[in-house]
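Laboratory data are not the source of any read-out in this text; all were calculated from the coordinates shown. These numbers were taken from a predicted model, which means no experiment stands behind them. Quick reminder, even Gly has a Cβ in these numbers, built from the backbone with ideal geometry, and neighbours come from all protein chains shown.
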There are 2 protein chains.
Amino acid sequence: MTLSMLQGEPTVITVGAGLLGEALDAQAVPRVDVAWRPPLPGTEEALATVLADPRRVRANEVAAGRLVSARPQLVGVRPAREALDLPPGTFLHAGPPIEWERASGPMRGALIGAMLLEGLAADPEEAERRLAAGEARLDSCHHHRTVGPMAGVVSPSMWVFEVRDAEHGGTAYCSLNEGLGKVLRYGAYGEEVLTRLRWMGEVLGPVLAATLDRAGPLDLRALATQALQMGDELHNRNRAATSLLVRELAPAVVEAAPTHAAEVLRFVNGNDHFYLNAGMAACKVGADAARDVPGSTMVVAMARNGTDFGIQVSGLGDRWFTGPSGVPDGLYLGAYGPQDANPDIGDSTITETAGLGGFAMAAAPAIVRFVGGDVADAVAATRSMYEITLAEHPAYQIPALGFRGTPVGVDVTLVARTGLLPVVNTGIAGRLAGTGQVGAGLVSPPASAFTAALEALAGESRAQIG
Amino acid sequence: MTLSMLQGEPTVITVGAGLLGEALDAQAVPRVDVAWRPPLPGTEEALATVLADPRRVRANEVAAGRLVSARPQLVGVRPAREALDLPPGTFLHAGPPIEWERASGPMRGALIGAMLLEGLAADPEEAERRLAAGEARLDSCHHHRTVGPMAGVVSPSMWVFEVRDAEHGGTAYCSLNEGLGKVLRYGAYGEEVLTRLRWMGEVLGPVLAATLDRAGPLDLRALATQALQMGDELHNRNRAATSLLVRELAPAVVEAAPTHAAEVLRFVNGNDHFYLNAGMAACKVGADAARDVPGSTMVVAMARNGTDFGIQVSGLGDRWFTGPSGVPDGLYLGAYGPQDANPDIGDSTITETAGLGGFAMAAAPAIVRFVGGDVADAVAATRSMYEITLAEHPAYQIPALGFRGTPVGVDVTLVARTGLLPVVNTGIAGRLAGTGQVGAGLVSPPASAFTAALEALAGESRAQIG
């Protein structure tokens, strides 16, 4: 090393502030510029402890290896009551656990709608009164191997996608997508919302179940791989994946349910996000396979309930580390503006947890226009995520980056060390119950969720050593 | 101008050989490098004449304007006999006109198959004898507002897509796609080929016709615009377009033909190129709208019959300018190699004529692997085509180039001046009749077709002036 340094031309690596780099440029000295950011404030000691944990490197290899080797397959569609053993009066919701008192407008709206759908209240006022009185049991989707976009409310009579991991054997669930605009997951609960949900329970769910009995299981890893080569990032853009799904299932829909085939195909075709929910269950089953690896600092869940943004970490069991949900920065529909926006909400950040969505923005240049930006922003977003992730996905590749794998497996220590937070792209719900979607944009999780997790990891490391 | 040159820093533009540029770089003088190639040999005089034609600039604006403003709509599917008024014993074929004697293996194979399909011969030997005796009438598809991929053989009982240009009122046709492998258009004529073609005439054609009666017209300009944002270049990759087509038509297929819906959807779903033929008719109807603009040097057809590569030019009526078809450079299926390849064949170069296919390669990085290459090659291919085209398509945009429009409208004078030939990506047919597809790759048209067209343009310019 020393010899080659003396013999060859010097190679200079410049980091951080630009002054030295500019001085070298002025002298035409070749240099390699490396981005550097200060660590998150106050994390130095915990970071040193966790980085010194001898289990960490191997544990993260195991956790990331499980996440990227998952082979999610869509095996069925079933009523939540049966698939999740969900008793009457129990409602699952997105994000870390929350009670009615702290719930945001769209979360309350979705819960009101679920009460009405289940026949537990005659009108919204009664539903709200009963919810406020604690008559319903609320729990986090994530505690039931389930995810749900936006409010993420799952009630017993809703139907859910069932996804199995052919590699590790896990199972995960997600509700069926209702479409855009006035829909329950954005907090709307009017008659059109309930009518649609009833039709989904009576027609859509049973038809898809019969279809998958004939045509399933459907390989969602292969489907997502293709969709990434077709301009989807699989969180806010699911047009290719939805098209591939329709195309794959259409013949079996006709055979399974000749009388309802046309209306089911028309409904699915009318909603470019129909795939999202199946994809979220696919991400969830992979992330769950990576849980509970002692010493691992990898994030296995990022989820928002509209009030708190929470994360779970492989080496820390089922504990949530939360901070306040931010308001997304993006584009608004019609006359809506930031003042109408609810803070970030939904379990759809399971896509970013699994290396898709904001992490795969470079695969979907069209999405950056949707959230306000240009193609270079999409590429920069993806590139920056390689700095805080443990792996590159072997199957999920980005054509624009020469088929490089998407960055996957957020490492709490890398987030703390760089101060870079995960890039999330998301829909924006209206602040008031009953409004629906008001826009779409980009949002960062609160740094405090990551620093809290780092402290817990440090405590766990010290306990291990001690 | 002079003042600003004296006052500011000099700006140096370097062209051609690299020596000056390198010398400037060594002195750290900023410069802009511009690619330069010598014109095609022997074209100087004709080029000077045509470039001096006062009609040229405006004529090309009109021709390119018509090409890019076409609004192709899929309006129906009909038997060729009726749509094209094709009498028994008449067969259309790809490329410029050709007779049996000069026809290549796959062209002969497809004609033999068409004779058998039409019941004009009992076996391949009889078909070949009758064709050699001149008992069938052959004509170029392009003479009948029609295009066909590969051999492009259209016989009276085959069904064709009907595409209408809602902007200029024209109509164009293309056969239905049979799938890959052993298919008539690649020169195969075995029993499986004929059985499939019969089913296409008895089931597929009528079902699609009934479907479009319900659901049509279908906006192919909008569909192609979307597909380019989903990784298709719409010549050798049509996966997104086919998915969007299936998705759009599926509900109406069910309603129009409940008993055949599943088999039709399964057939279409099984073939990622199903869209190609509808797309070719869409390109044809746009290119035809740009025909017959006096003084225009824009190419309105590029087509190959497996022996000759021919072009037609807007300002030169229906004349063909031909040169020998080259053998594509690409990847081969299984044990096949270049020695098995037929020279370039098919009307599918209508996609490049309309700014898609090879011209849109940057939109489809996945395609370059299929033909041997990498992402940078795809971008370079598209970029180079801006040098020989008259316009950028206002709707057909390439995400990877910051949504720049595809290069469209090949100008014979720009080809002659730069020596750059259109980039075509294509399937490769087996040389021997009956083989089918052997690979896929890239090919250049013969320069002689363009120099011959340039001479004719020069003659026409002189006649105009004289």
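Under unit Cβ charges (Lys, Arg +1; Asp, Glu -1), what dipole magnitude, rounded to 20 debye, does the protein assembly as shown have relative to its Cα centre?
Here the protein assembly as shown has a charge dipole of around 240 debye.
For chain B, find the longest principal axis of its Cα atoms and tell me its angle to the long axis of helix B:105-117, 0 to 90°, nearest 10.
Roughly 30 degrees between the two axes.
Which net charge results for the neighbourhood of A:A380, defined as the other residues with beta-carbon distances under 13 angstrom from its beta-carbon, given Lys and Arg at +1 and Asp and Glu at -1?
For residues surrounding A:A380, the net value is -2.
For region A:68-282, give the share of DSSP beta bridges that are antiparallel, in percent and rounded to the nearest 5; count only bridges with both residues there.
Counting only bridges with both partners in region A:68-282, antiparallel ones make up about 70 percent.
FRET efficiency for B:I465 and A:D292, Cβ-Cβ distance as r, R0 = 60 Å, nearest 0.05?
For B:I465 and A:D292, the calculated efficiency is 0.10.
In region A:64-173, what % of DSSP beta bridges are antiparallel (nearest 5)?
Expressed as a percentage, antiparallel bridges in region A:64-173 total about 70.
Under a point spin-label approximation (7 Å from Cα along Cα-to-Cβ), what is the A:V57-A:E191 distance to one decimal in nm?
6.7 nm
Sticking with the crude label model, points 7 Å out along Cα→Cβ, report the distance from A:E45 to A:Q339 in nm, one decimal please.
So the two model labels end up 4.5 nm from each other.
What's the local net charge at A:A287, with K and R +1, D and E -1, over the other residues with C-beta under 15 Å away?
Around A:A287, the charge tally is -1.
Please work out the Cα center distance from region B:271-343 to region A:161-233, rounded to the nearest Å.
43 Å
Quick one: if the Förster radius is 45 Å, what FRET efficiency do A:A166 and B:A395 give, using the C-beta to C-beta distance and rounding to 0.05?
Efficiency computed from Cβ-Cβ geometry: 0.60.
Using a label point 7 angstrom from Cα along Cα-to-C-beta, what distances in nm, from shortest up, separate B:G42 from the other copies?
Copy-to-copy label distances at B:G42, shortest first: 8.2 nm.
B:S448 label point, 7 Å along Cα→Cβ, cut-off 18 Å on backbone N: hits in region B:395-416?
B:416
Below 8 Å, C-alpha to C-alpha, sequence gap of six or more: please give me the relative contact order for chain B in percent.
21 percent
Between 0 and 90 degrees, rounded to the nearest ten: what's the tilt of helix A:205-215 against the longest Cα principal axis of chain A?
Helix A:205-215 sits roughly 60 degrees off the main axis of chain A.
For region B:244-256, just list the computed ³J(HN,Hα) in residue order, Karplus coefficients 6.51, -1.76 and 1.60, θ = phi - 60°, integers in Hz, with x standing in for Gly and Pro.
5, 5, 4, 4, 5, 8, 3, x, 6, 4, 4, 6, 6
With 10 angstrom as the radius, rank B:E167, A:E392, A:E202 by how many other C-beta atoms surround their C-beta, starting from the fewest.
The fewest-first ordering by Cβ neighbours comes to A:E202, B:E167, A:E392.
Remind me, relative contact order of region A:68-282 in percent, using alpha carbon pairs under 8 angstrom and six or more residues apart?
Result for region A:68-282 is 28 percent.
Based on DSSP H runs of at least 4 residues, each adding -39500 (n - 2.57), what is the mean residue ellipticity at 222 nm of chain A after dividing by all its residues, to the nearest 500 deg cm²/dmol?
-11500 deg cm²/dmol
Please say if region B:36-116 is rounded, prolate or oblate, where rounded means a/c under 1.5 for a ≥ b ≥ c the square roots of the C-alpha gyration tensor eigenvalues, and otherwise the choice is prolate for a/b larger than b/c and oblate otherwise?
oblate
Between copies, how far does the label point of B:A133 sit from its twins, in nm, shortest first, when each point is 7 Å from Cα along Cα→Cβ?
9.6
What length, rounded to one decimal in nm, is gained on full extension from A:R266 through to A:H143, with 0.36 nm per residue of separation minus their alpha-carbon distance?
The span from A:R266 to A:H143 would gain 40.9 nm if fully extended.
List, shortest first and in nm to one decimal, how far the label point of A:N271 (7 Å from Cα along Cα→Cβ) is from its counterparts in the other copies.
Output for A:N271: 3.2 nm, nearest copy listed first.
Using R₀ = 25 Å, calculate the FRET efficiency as 1/(1 + (r/R₀)^6) where r is the Cβ-Cβ separation of A:D25 and A:E387; round to 0.05.
0.55
Under the rule a/c < 1.5 gives rounded, and otherwise a/b versus b/c splits prolate from oblate, where does the protein assembly as shown land using the Cα gyration tensor?
Taking the square roots of the gyration eigenvalues as a ≥ b ≥ c, the protein assembly as shown is oblate.
What does the charge add up to near B:H168, with Lys and Arg as +1, Asp and Glu as -1, over the other residues with Cβ less than 14 Å from its Cβ?
+3
Give me B:L74, A:L420 ranked fewest to most by other Cβ atoms within 10 Å of their Cβ, as a rough exposure proxy.
In order of increasing Cβ crowding within 10 Å: A:L420, B:L74.
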